[in-house]
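Down below is the structure, laid out as structure tokens.
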Amino acid sequence: MQKESKYPELQSRREKVSLGGGEAALQKQIKMGKMTARQRIDAILDDNSFFEYDMFIQHEAREFGMDKKELAGDGVVIGTGKINGSPVAIYSQDFTVMGGSLGYKHAMKITKIMDYALSLRIPLIGINDSGGARIQEGVSALAGYGEIFYRNTMASGVIPQISVILGPCAGGAVYSPALTDFVFVVDNVSKMFITGPSVIETVLGEKIDGESLGGAKVHSEITGNAHFYAESENDCFKQIRDLIDIIPANNKQSAKSETPKQPAKIDISTVVPNDPSKPYDVRQVIKCLIDEGEFVEVMERFAGNIVIGFGRIDGETVGFVANQPLVMAGVLDCDSSDKAARFVRYCDAFNIPIVTLEDLPGYLPGVDQEHAGVIRHGAKLLYAYSEASVPKITVILRKAYGGGYIAMSSKHLRADFVMAWPNAEIAVMGPEGAANIIFMKDIRAAEDKEAMRQEKIKEYKDKFSNPYVAASKGYVDAVIKPEETLAYVKHALEISKNKVVEQPTKKHGVVPF
Ligand code: HXC
């Protein structure tokens, strides 16, 4: 590049635009502990890899005398760059320019970079720091958001779309992220809501601050709108780089292969207690299977009863879905079903094989869950696994009861390989509940009811609560020792690389939403 001093006009124009909304607004942004739009891009991308476009775009609003107002770059920075050498497209909204609000030209810059990302088949990263549709531009601003939502939808399942929420984001600035694959939030910086606290107070008379309404913790722990939570912007940017590194750049490419590493030195046979009522951390089992240090957990703080994330086995990316006995015994409920189903669909869209680790007592019963729609939410997981045509490998670690057995990538939903550990219990329900129902008459008639109950529980366990009934029917392909798991999983992944599935021709399915 030529030295800029030779081109004073270019230099002064660049400097002016780089100031965004001006010195005072910049100072306000810094005071709030926030980086500027360009600093954020530089911090996410490889050093000196960013190339900016449309820096000198001017807004075209005629309403409210806005045409007299200059808006640097119309409040958004767009360009392309690299993360660990791989290309990405990126935009970053500038809150110092009219609160990062989205006017029509601002939207056209975003849609331009979205179009590049889609046609070049590279991931798109959107940094959102915006009050939503620019009120002064009226329907033109709404049109801009419509164009963005349409592109988000068209790009879904073709390229990874990552949204980073780095300020108070309202309206369209949260709906676009909701249409993308992964949403990142930062404590005390990110806020997401359809309408902000002042609108809520005006319309409903309800008083609430931005953080309590839609802060990072709210969305990563309660609503499930956010997939990654960070303590600081820099921490967030490292997480984005780690994610980009482990996922494919598009739906036609594989993720980058890494040099295979040994898993962590943990004795897998000691991780899962024999007593089916005892909890343990299923992440320990994952650690025994993946190349050491290579687990990127998704939605770590939401629906902890299921663990999802990307790891590498023999240097290749794999998606993990694992019941977490540490939280609510690993049951499936509305939130964990949604969480897992979406992840299964992501893996399927991007050709990432899925390893499912199963240990659960089934779907969570109760009025709350029924009224919250557990039928509708739970069905999403059945659908997602059935639909997924990527290699699907299931290991039943311990309990596999009822609907949970079917839903967690069973043979019946077309898992390719199902392995079970010797202590696995595969049945319609746990022995205690089952014995109380099917042997009720014997228990009632017995003199010593408790002794009879225990006898019947044992009888049930011997007959049904083991992996051998399922194995005798071919629903379990192999009963394996825990220490054989990695070898079986590696082999299954290796031989499934060219898997072909014939499915009925259709436009698309209907159920998951
Ligand atoms: C125009 C806006 C704006 C907007 C903020 N500003 N939002 N200008 N259109 N949507 C301007 C402010 O006037 C102010 O300008 C500057 O940005 C900074 O905003 P502040 O309010 O001072 O900042 P803060 O106190 O941090 O509050 C941020 C905020 C609040 C929570 C985002 O500004 C707010 O509630 N804005 C409106 C949010 C909203 O309801 N949007 C809905 C849009 S509808 P000055 O000149 O004073 O510095 C939408 C439709 C999409 O998006 C459809 C979805 C399906």
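The values are calculated or read from the model by the stated rules, or taken from the named source; none is laboratory data. Note that the structure is predicted; figures quoted are calculated from it, not measured. FYI the Cβ positions are ideal-geometry reconstructions off the backbone, even for glycines, and counts take in every protein chain you see. These area figures cover heavy atoms from the full protein model, side chains too; ligands, DNA and RNA do not enter into them. Shrake-Rupley method; radii C 1.70, N 1.55, O 1.52, S 1.80 Å.
Values computed for the structure shown
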item	result
Between the range 398-454 and the range 71-148, the Cα center-to-center distance that results, in Å	53
Relative contact order (%) - the range 197-334, alpha-carbon pairs under 8 angstrom, separation at least six	20
Distance histogram in 10 Å bins (all Cα pairs of the range 323-383, percent per bin)	23, 50, 24, 3
Mean-position separation - Cα centroids, the range 478-513 and the range 351-384, in angstrom	19
Rg/Rg_globular for the chain, with Rg_globular taken as 2.2 N^0.38 Å and Rg from C-alpha atoms	1.11
For the range 20-27, Karplus couplings with θ = phi - 60° (6.51, -1.76, 1.60), whole Hz, Gly/Pro x	x, x, x, 4, 5, 5, 4, 4
Charge sum, other residues only, whose C-beta stays under 14 Å from GLY172's C-beta, Lys/Arg counted +1 and Asp/Glu -1	-1
Surface accessible to a 1.4 Å probe, per residue, for the residues of the range 277-333, Å²	30
Charged-residue dipole, Cβ positions (Lys, Arg, Asp, Glu), the range 388-497 about Cα centre, Debye nearest 20	340
Model label zone, LYS497; criterion: amide N under 11 Å from point 7 Å along Cα-to-beta-carbon; scope the range 256-275	none
Trypsin sites (Lys or Arg not before Pro) within the range 231-296, DSSP loop, no more than 12 other Cβ atoms inside 10 Å	LYS252, LYS265
Interchain or long-range residues, amide H under 5 Å from VAL88's placed H	GLY81, LYS82, ILE83
Candidate residues THR153, THR202: accessible-area rank, largest first, probe 1.4 Å	THR202, THR153
Relative packing of 5-11, 335-341, 77-83, which averages over residues the other C-beta atoms within 10 Å, highest first	335-341, 77-83, 5-11
Using alpha-carbon coordinates, inclination of helix 104-120 to the longest axis of the chain, degrees	50
Under 5 Å, built H, 5+ apart or other chain: amide partners of VAL298	ILE308, GLY309, PHE310
Antiparallel DSSP beta bridges within the chain, as percent of all bridges there, nearest 5	35
Estimated 222 nm signal from helices in the chain, with DSSP H stretches of n ≥ 4 weighted -39500 (n - 2.57), rounded to 500	-11000 deg cm²/dmol
Cubic angstrom per residue, convex hull over Cα atoms of the range 281-440	110
Rel. contact order, % - alpha carbon contacts under 8 angstrom, at least six apart, the range 100-212	25
Solvent exposure of the range 406-513 as accessible area per residue, Å², 1.4 Å probe	65
Separation of alpha-carbon centers, the range 200-263 and the range 279-326, rounded to whole Å	17
At 0.890 mPa s and 25 °C, Stokes D of the range 1-152 from Kirkwood alpha-carbon radius, µm² per second	154
Net charge, PRO197 excluded, C-beta distance under 11 Å - Lys, Arg +1, Asp, Glu -1	-2
Within the range 171-250, GluC sites (Glu not before Pro) in DSSP loop having at most 12 other beta-carbon neighbours inside 10 Å	GLU206, GLU231
Greater than 19 Å apart at Cα, pairs in LYS380/LYS473; LYS411/LYS473; LYS278/LYS449	LYS380/LYS473; LYS278/LYS449
Heavy-atom SASA rank of HIS371, HIS219, HIS491 (probe 1.4 Å, accessible area, largest first)	HIS371, HIS491, HIS219
Distance histogram in 10 Å bins (all Cα pairs of the range 115-209, percent per bin)	16, 42, 32, 8, 2
